[in-house]
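Everything below concerns the one structure shown next.
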Amino acid sequence: MRTSPPVPRTLRALCALIGLLAALAATIGLLWQGTDAGAALTVTSVRGQTVQLVGEGLYRYDSLLAGAGFRGVDVVVLVIGIPLLAVSAWLAGRESLRGRLLLVGTLGFFLYQYASMALGAAYNELFLVYIGLFSASLFAFVLAYATIDRDQLASAISPRFPRRAIASFLFIVAGGLGVLWGGPVVAGLVAGTAPDRLDTYTTFMTYVLDLGVIAPAAVLGGVLVLRRAATGVLLAAVVLVVTFFIGPALTAMTISQLAAGVTFTTGEVIGPVVSFTILGLAGMVMGAVLLRHVDGSNIESPMRGTAGVADEALGA
């Protein structure tokens, strides 16, 4: 059997850098309450709509909806994202296959989040930090992905691995994203108008990433899982971890937005908020099921002797 490549020091350094920069960005986003004399409270968008801005703090030039939402996600990054990154990086360094799968998925969340901030948030003082987080998350994700040997992963998958259940859930994730985000876009195209809540922005970064990356990855992962391909399990792990973050992120975003004075219709609450919260909880359960059916003690490497400790920590 081929030996699994050890976790490179570069990957460990990148994970540490991501944790530090993310803690900095999220903390400043939450605590910076200063006002800017030149920051307007309302502006007129290029489509002639009057849009209310945050008007204070780091996100003062973002719309009230988006800026308040960013603060909600900052809470999730600090409370869940950074601790999970630290734990998964430690487990991966202990030669745990489950830990490596968890690390790839967690880095997928950071890549998703800071691609959104670097490309979609209104320019602010942390622009270079967002670029650094986006870049570090991208290359860390690639390195973490490369540390997982497909042959060893294939041999570590339990014969009782619930392929149909996990594949079905991945298809549900893709379909849900298609309906929730694709529906408003199609309706806008038919009506000749932009979707609601576009505000001052030129495009929806969330729609781009969800419809262009997450949904296709979910479909491809589901198909490969059904075909018993190890790559499908790896893709599934990434999508499930990212999906898990959707629940707490949307809950925190909605609470922050309501506190800031944003109003939602009943449909907006029942649609994206409730459905994605349920989807996030289901993603957590399915992610745990996936890891449960992967033998974390299967890695053979120069550091093989430490794998058992990591597997015990994951409940093997």
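Which of the following residues is surrounded by fewer than 22 Cβ atoms within 10 Å (Cβ to Cβ), among the β-branched types (Val, Ile, Thr) and either in contact with a strand residue (DSSP E or B) (Cβ under 7 Å, 6 or more places away or on another chain) or in a loop (DSSP other than H, G, I, E, B) (or both): Val87, Val51, Val75? Sole residue among the options that is surrounded by fewer than 22 Cβ atoms within 10 Å (Cβ to Cβ), among the β-branched types (Val, Ile, Thr) and either in contact with a strand residue (DSSP E or B) (Cβ under 7 Å, 6 or more places away or on another chain) or in a loop (DSSP other than H, G, I, E, B) (or both): Val51. Per this entry, Ser168 is not counted among residues that are polar (S, T, N, Q), over 27 Å from Val43 (Cβ atoms) and over 22 Å from the mean Cα position of the chain (by Cα). The sole residue among Ser116, Ser88 that is within 22 Å of Ala236 (Cα to Cα), without any contact (Cβ under 8 Å) to a residue 60 or more places away in the chain and among the hydroxyl-bearing types (Ser, Thr, Tyr) is Ser88. Just one of the listed residues (Thr243, Thr202, Thr254, Thr206) is surrounded by fewer than 19 Cβ atoms within 10 Å (Cβ to Cβ) and not in a loop (DSSP other than H, G, I, E, B), and it is Thr206. Applying the condition of being assigned to a helix (DSSP H, G or I) and in contact with a Lys or Arg (Cβ under 7 Å, 6 or more places away or on another chain) to region 92-143 and asking which residue is surrounded by the most Cβ atoms within 10 Å (Cβ to Cβ) yields Ala92.
Between Ala165, Ala215, Ala236, Ala259, the distinction of being touching a residue at least 24 places away in the same chain (Cβ under 8 Å), in a helix (DSSP H, G or I), among the small types (Gly, Ala, Ser) and within 24 Å of Leu119 (Cα to Cα) belongs to Ala215 only. Against the test of being at pLDDT 95 or above and either within 30 Å of His293 (Cβ to Cβ) or not aliphatic (A, V, I, L, M) (or both), the options Ile18, Ile28 yield a single qualifying residue, Ile18.
The values are calculated or read from the model by the stated rules, or taken from the named source; none is laboratory data. Values in this document were obtained by computation on a predicted structure and should not be read as measured data. Heads up, the Cβs are rebuilt from the backbone with ideal geometry, glycines too, and the neighbour counts pull from every protein chain shown.
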